[in-house]
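Chemist: Sharing a structure, written as structure tokens. Questions coming.
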Amino acid sequence: MAIEVKWAGFDFGQCMMDPSGLRNYLVIGDVCKELNEPELIDKRIYKYRVLREKYGSYGVIKEGHRDEIISYVFDNKEEAREIFSKKEQEYLLAAKGLEETLRYLVDQGIRLSVVAELKKTLGPMGTDIVTRFLMNKGLTEYFNDVITPQGKVDLSKGSIDLKYKGKTKEEGTLYDELARDLAAQGIDVSEAVMIGDKPWTDISPAKKRGFKTIQYTGYVDFGPCEDADFRISDFREIKDIVRKKL
Amino acid sequence: MGIPKRLVVEFDDGSRNEIEFSRLNRQIQADLSELGLCSPPVREVSKSYILLRWQNGWQEIVGVEKAHLELLRYYTIERVEEIGRMSLEVGESYPVLLFVKRLPRQVESALLVDDTGTKVYIFAEKTTITEGDKTEHILYDKKNPKFTTEDSGKADSWVSVLIDSVKAELEKRKLTAEQLLFMDSAQKATVYGEISKAVGIRAMEKQEDVYGFIELMLRKVKT
């Protein structure tokens, strides 16, 4: 059974972006080596792991406590900030089959957006983790925009629309705004599909507002969600599920 | 091991200096114990201890210098780790063993260099050995005829490229190799750090290895 849509939204972290290449020894190790401080690798990896115990996951650290990576792990070495971001991007992977699937959807004529829970204030394109990832992996051409609680980035112009500011996926307010935005483009929520891994941010809040939903389990499987119309473990499965609504 | 009484330093002229062991501070006693010269000193009581007991009754203790501990989490991580082991013949009874932790299977070549000469080895996976849940990917093995050493020309050209890069960096700084070699240690470390960054060489474990390597290249520039 296929669903027919005009728009598809992709979650970012642990979904289209696969962090499994981000090993501490590589990222922290390379930063220490670039800082001419290879002797501090083990100590800094230890501190980074302590930080993870404090906040629960590396994703939470990176999205909400990034400054502490510099202050606590890298002993306030400001130089480490840019090197860390660069190395982090170097080791991030695009999920398996992602680009092939994006190409298929774009060829079908479906509009694509990234819908991410970015907590850091947006700056020029390439200064936040999402647009930087898209640029580094050559994926900007597939997406029209990046929608976040910090605003919507128009990828063709680099401009930021602040009507999404302060709205979140988990509360659903971001999807309310998205529904209005899509309606203005002549797309009803029933003609839109949200693809993501987390039931509480990507699936249930979107489903409650009438979006179609696909739960991606290729990196983390959070278990079956009754609000998911489909469950996939490889993005290429989307090619059998999604068609352009004429 | 008995109770240590004195630390003796013997000089090449036969003279000796010695000190009562009990006058050494705890850190020195601990350092000597790490060298296997004595037992570790009895340390002061930590603020807290954790005693772990295994299913088979094995017990271990670990001290924590913090009070009022409460367990936050305990978990294990199971993951396949890939570590490179590089063993080197050094003309002694035992080889030297190095561990390569950074993307070990992506190392494509190694240049062995000292004051007397150079050798280059190209790595290519030609054999895989699986034993239980362990897999060894062999990228070079001297005893296996599938692997050959590169001719000395390749090593020489690699070194020449490095020397040329170092020369170019010296020229940018309007310095000669001799001038740099005779700078004081702190100045040298700064310039060596800049040169190594410019030629794209980083230390695997110790920054002093980078400085030593650049100094070796400078000596080759000089000659």
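The values are calculated or read from the model by the stated rules, or taken from the named source; none is laboratory data. None of these values were measured; they are calculated from a predicted model. Don't worry about glycine lacking a Cβ; one is built from the backbone with ideal geometry, like all the others, and counts go over all protein chains shown. The area values use the complete protein model at the heavy-atom level, side chains included, leaving out ligands, DNA and RNA. Shrake-Rupley method; radii C 1.70, N 1.55, O 1.52, S 1.80 Å.
Chemist: Please find the FRET efficiency linking residue B:168 to residue B:129, where r is the Cβ-Cβ separation and R0 is fixed at 45 Å, and quote it to the nearest 0.05. Spell out each step's value before the answer.
Modeler: Working: r = 44 Å, r/R0 = 0.98.
Efficiency for this residue pair is about 0.55.
Chemist: Counting other Cβ atoms within 10 Å, which GluC sites (Glu not before Pro) in the stretch B:53-120 have at most 16 and lie in a DSSP loop? Don't skip to the end; give the middle numbers.
Modeler: Working: sites: B:60, B:65, B:70, B:78, B:81, B:82, B:89, B:92, B:108; in loops: B:65, B:70, B:78, B:81, B:82, B:89, B:92, B:108.
Here the GluC sites (Glu not before Pro) that fit, given the DSSP loop and packing criteria, are B:65, B:70, B:78, B:81, B:82, B:89, B:92, B:108.
Chemist: Next up: Please get the size of the charge dipole for chain A, origin at its Cα centre, with Cβ charges of +1 on Lys and Arg and -1 on Asp and Glu, quoted in debye to the nearest 20.
Modeler: Details: 40 positive and 43 negative charges, 44 e Å.
Rounded to the nearest 20 debye, it is 220 debye.
Chemist: If you take the accessible area of B alone, add that of A alone, and subtract the area of the pair, what total do you get in Å², probe 1.4 Å, to the nearest 100? Kindly include the intermediate steps, with their values, before the conclusion.
Modeler: Values: alone 18150 and 11360 Å², together 27980 Å².
Approximately 1500 Å² gets buried when B meets A.
Chemist: Using helices alone, I'd like the mean residue ellipticity at 222 nm for chain A: each DSSP H run of four-plus residues gives -39500 (n - 2.57), total over residue count, nearest 500.
Modeler: Numbers: 9 runs with 86 residues, N = 246.
Mean residue ellipticity at 222 nm (helix-derived): -10000 deg cm²/dmol.
Chemist: Okay, next question. With each pseudo-label sitting 7 Å past Cα toward Cβ, what's the residue A:96-residue B:186 distance in nm, one decimal?
Modeler: Output for this residue pair reads 5.5 nm.
Chemist: Sticking with this structure for a sec: Using a probe of 1.4 angstrom, how much of the accessible area of chain B is carbon and sulfur, in percent? Numbers along the way, then the final one.
Modeler: Details: 8980 of 17390 Å².
Heavy-atom surface of chain B belonging to carbon and sulfur, 1.4 Å probe: 52 percent.
Chemist: Also, quick follow-up: Could you pull out the chymotrypsin sites (Phe, Trp or Tyr not before Pro) across the stretch B:9-65 that fall in loop regions by DSSP (anything but H, G, I, E, B) with no more than 14 other Cβ atoms inside 10 Å? Provide the component values of the computation, followed by the final result.
Modeler: Values: sites: B:11, B:21, B:49, B:54, B:58; in loops: B:11, B:54, B:58.
Sparse-neighbourhood loop chymotrypsin sites (Phe, Trp or Tyr not before Pro): B:11, B:54, B:58.
Chemist: Accessible area per residue of the stretch B:168-223 at 1.4 Å probe, in Å²? Intermediate values should be presented prior to the final figure.
Modeler: On the way: 3260 Å² over 56 residues.
It amounts to 58 Å² per residue over the stretch B:168-223.
Chemist: Hey, another quick one. Under a Cβ-only charge scheme (Lys and Arg +1, Asp and Glu -1), can you give me the dipole magnitude of the stretch B:104-177 about the Cα centre, in debye to the nearest 20? Write down the numbers at each step before the final one.
Modeler: Values: 12 positive and 14 negative charges, 31 e Å.
So the magnitude is around 140 debye.
Chemist: In a Gaussian network model over chain A where Cα atoms closer than 10 Å are linked, find which of A:35, A:92, A:139 has the largest mean-square fluctuation.
Modeler: A:35
Chemist: I've got another one for you. Once you charge only the Cβ atoms, +1 for Lys and Arg and -1 for Asp and Glu, what is the size of the charge dipole of the protein assembly as shown about its Cα centre, to the nearest 20 debye? Mind showing how you got there, number by number?
Modeler: Working: 73 positive and 80 negative charges, 172 e Å.
Taking the Cα centre of the protein assembly as shown as origin, the dipole is about 820 debye.
Chemist: Separate question: How far is it, in nm, from the label point at residue B:53 to the one at residue B:11 when both lie 7 Å from their Cα along the line to the Cβ?
Modeler: 5.8 nm
Chemist: Also, I was wondering about something else. What nm value, rounded to one decimal, do you get for the distance between residue B:101 and residue A:79 when each label is placed 7 Å out toward the C-beta?
Modeler: Once both label points are built, they end up 2.1 nm from each other.
Chemist: As an exercise, identify the GluC sites (Glu not before Pro) in the stretch A:63-136 lying in DSSP coil whose Cβ has no more than 12 other Cβ atoms within 10 Å.
Modeler: Values: sites: A:63, A:68, A:78, A:79, A:82, A:88, A:90, A:99, A:100, A:117; in loops: A:78, A:117.
In loop regions of the stretch A:63-136 (DSSP not H, G, I, E or B), the sparsely surrounded GluC sites (Glu not before Pro) are A:78.
Chemist: Still on this structure: Restricting the count to DSSP beta bridges whose residues both fall in the protein assembly as shown, what percent are antiparallel, rounded to a multiple of 5? Each step should come with its number before you reach the end.
Modeler: On the way: 34 of 56 bridges.
In the protein assembly as shown, approximately 60 percent of DSSP beta bridges are antiparallel ones.
Chemist: What percent does the relative contact order of chain B come to when contacts are Cα pairs within less than 8 Å and at least six residues apart?
Modeler: Details: 213 pairs, mean separation 18.7, N = 223.
Normalised by residue count, the contact order of chain B is 8 percent.
Chemist: Mind listing, in residue-number order, the residues in the stretch A:24-55 that have at least 20 Å² less accessible area with every protein chain present than in their own chain alone (1.4 Å probe)?
Modeler: A:25, A:26, A:30, A:33, A:34, A:36, A:38, A:39, A:52, A:53
Chemist: Oh, and also: Counting helices only, and only those DSSP H runs with n ≥ 4, report the 222 nm mean residue ellipticity of chain B as the sum of -39,500 (n - 2.57) divided by its residues, in deg cm²/dmol to the nearest 500.
Modeler: Theoretical 222 nm ellipticity from helices: -9500 deg cm²/dmol.
Chemist: Next question. Hey, can you find the accessible area per residue of chain A for me, probe 1.4 Å, expressed in square angstrom? Could you put the intermediate results ahead of the total?
Modeler: Details: 10590 Å² over 246 residues.
Heavy-atom accessible area per residue stands at 43 Å².
Chemist: Follow-up. What does the accessible area of residue A:208 come to, in Å² to the nearest 10, when a probe of 1.4 Å is used?
Modeler: Counting only protein heavy atoms, the figure is 150 Å².
Chemist: How high is the FRET efficiency from residue B:208 to residue A:221, r the C-beta distance, R0 60 Å, rounded to 0.05?
Modeler: 0.80
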